[in-house]
Amino acid sequence: MAYTIPITIVIFLNLILISKAARNLNPIGNQDESSLVSQVGICSLLIETQGYMCEEHKVTTKDGYILSLQHIPGGRDGTKADKPPVLLQHGVLMDGGTWVLNSRDESLGFILADGGFDVWIANTRGTNFSRGHTSLSPSDPAYWEWSWDELVAYDLPASIRFVHDQTGQNLHYIGHSLGTLIAFSAFSKDQTLNMLRSAVLLSPIAYLGQMSSTLARAGADAFLGETMYWLGVHEFAPRGEAVAGLLSVICMNPGSDCSDLMTSFTGPNCCVDSSMTDRFLEHEPQSTSTKNMIHLAQMIRTGTITMYDYGNANDNERHYGQATPPVYDMGSIPKDFPMYLSYGGADELSDVQDVKTLLESVKDHDQDKLVVQYKEDYAHADFVFAVNAKEVVYDPVMTFFNMH
Ligand SMILES: *[C@@H]1O[C@H](CO)[C@@H](O)[C@H](O)[C@H]1NC(C)=O
């Protein structure tokens with residue numbers, strides 16, 4: 001694309017100026033992070049304020065990351081859950097707040113709790129309330145040395161196992177966006193399935209080759225993540241200076257309308273209330289690793305779903321024992337595992353063509369174990385924030401759970 005080269009140069013200069021400052025910048029303030037977590041959390045900020053009981057939990061992954069989970073053990077009227085546990089897994093640049101940002105009658109976390117389900121909310125490493133580690137600090141570059149491969153290998157199994165062990169039951173899983181990518185990848189290797197009853201995949205992502213979001217594609221084509229990484233910015237902090245600088249440059253590109261960032265990134269959401277924007281900006285977006293953004297950009301450029309590509313045969317050989325990164329084979333997802341996929345015609349991150357590629361690769365799935373829902377006017381954020389998502393998606397999802 002014609003604008004790629006000049007944009008890369010401008011960004012490069014821009015980044016040199018800001019990367020040094022950004023590296024030393026703690027995007028969420030200078031307080032001691034670990035001591036605050038016990039007092040302030042998603043429970044106290046977003047759940048108890050709506051009249052629900054809520055418990056904060058911690059789980060440590062096999063590679064040392066300390067993740068927070070919230071547990072809503074019952075409905076707003078104080079009744080205890082009498083249905084199986086459900087684990088909610090947010091997408092990239094988001095955290096568990098995703099599920100409880102709307103009103104009680106619109107947020108999936110509350111709707112499930114009021115529907116009798118035992119609700120558990122996961123928070124990926126690097127997000128505001130999952131920044132602990134047994135030996136590393138988020139200011140260490142090594143803390144950020146991971147992509148979604150590590151979420152598949154460590155975070156996802158740790159959170160699922162934790163809920164399984166706490167409740168003594170197999171659980172239902174609900175993922176949005178990256179929360180579907182890591183699930184599909186784990187399922188394709190037959191991981192975690194022995195602890196799950198079923199999975200609901202909202203804005204399903206396995207392939208990104210047709211992705212139409214101009215912002216995300218411009219970033220991938222210009223190798224922005226790689227440039228940031230090379231300059232030593234290992235935390236991709238959307239509230240930090242480095243990303244703000246990047247956005248201001250991408251937004252100079254005539255193809256990117258940045259007057260409404262959520263729309264230019266996710267697509268035109270039909271049904272997200274405008275009052276959501278303020279609540280959204282108060283709690284999201286959240287940090288991820290620059291390496292994770294590079295991995296996603298690789299998927300956008302190649303259209304494949306593989307492990308992180310180290311960029312040359314030698315380094316791949318060293319990590320994987322082969323010259324190219326191993327493929328996650330979507331066709332290997334066990335055919336009898338109950339799945340509910342819901343995708344939208346206006347979603348620019350989970351593009352319709354990419355979802356069709358995914359559906360093609362699971363076409364031999366047992367027909368009575370696969371529900372596919374298409375909502376023509378839904379874009380990426382509608383699946384978690386739409387005012388009508390209860391009728392459109394969540395009620396059918398609960399019916400699906402009751403059958404499995
Ligand atoms: C991040 O966590 C701190 C407490 O550690 C809290 O005060 C703040 O509101 C949180 N910010 C976001 C964006 O969640």
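Some values worked out for this structure:
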{"read-out": "First in the stretch 309-326 and open to solvent by 50 Å² or more (accessible area, probe 1.4 Å), second anywhere and small (Gly, Ala, Ser), Cβ under 8 Å, 6 or more apart", "value": "Ala313/Ala323; Glu317/Ala323; Thr324/Ala313"}
{"read-out": "Any hit, the stretch 277-290, residues being closer than 16 Å to Pro138 by Cα and either more than 16 Å from the ligand (Cβ to nearest atom) or assigned to a helix (DSSP H, G or I) (or both)", "value": "yes"}
{"read-out": "Residue count, the stretch 38-94 (criterion: buried (at least 18 other Cβ atoms within 10 Å of the Cβ), of a type outside the set (Val, Ile, Thr) and either at negative phi or at pLDDT 95 or above (or both))", "value": "23"}
{"read-out": "Flag if Val272 is crowded, with 21+ Cβ neighbours inside 10 Å, more than 18 Å from the chain's Cα centre (by Cα) and within 22 Å of Met94 (Cβ to Cβ)", "value": "yes"}
{"read-out": "Filter pass, Asp347 being closer than 23 Å to Gly219 by Cα, touching a residue at least 12 places away in the same chain (Cβ under 8 Å) and touching a His at 6+ places or on another chain (Cβ under 7 Å)", "value": "yes"}
{"read-out": "Qualifying residue in the stretch 145-161 (condition: open to solvent by 10 Å² or more (accessible area, probe 1.4 Å), in a loop (DSSP other than H, G, I, E, B) and of a type in the set (Asp, Glu))", "value": "yes"}
{"read-out": "Where Trp146 falls short, out of the listed (1) under 26 Å from Gln298 (Cα atoms); (2) within 13 Å of the ligand (Cβ to nearest atom); (3) of a type outside the set (Gly, Ala, Ser)", "value": "(2)"}
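Let's see how each residue does on (1) in a loop (DSSP other than H, G, I, E, B); (2) surrounded by fewer than 19 Cβ atoms within 10 Å (Cβ to Cβ):
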| site | (1), (2) |
| --- | --- |
| Gly175 | no, no |
| Ala186 | no, no |
| Arg197 | no, yes |
| Arg239 | yes, yes |
| Ser248 | no, yes |
| Met252 | yes, yes |
| Ser264 | no, no |
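The values are calculated or read from the model by the stated rules, or taken from the named source; none is laboratory data. This one's a predicted model, so the numbers in the text were calculated from it and none came from an experiment. Ideal geometry is used to build each Cβ from the backbone, glycine not excepted, and the neighbour counts take in all protein chains shown. Side chains included, ligands, DNA and RNA excluded: accessible areas come from the protein's heavy atoms. Shrake-Rupley method; radii C 1.70, N 1.55, O 1.52, S 1.80 Å.
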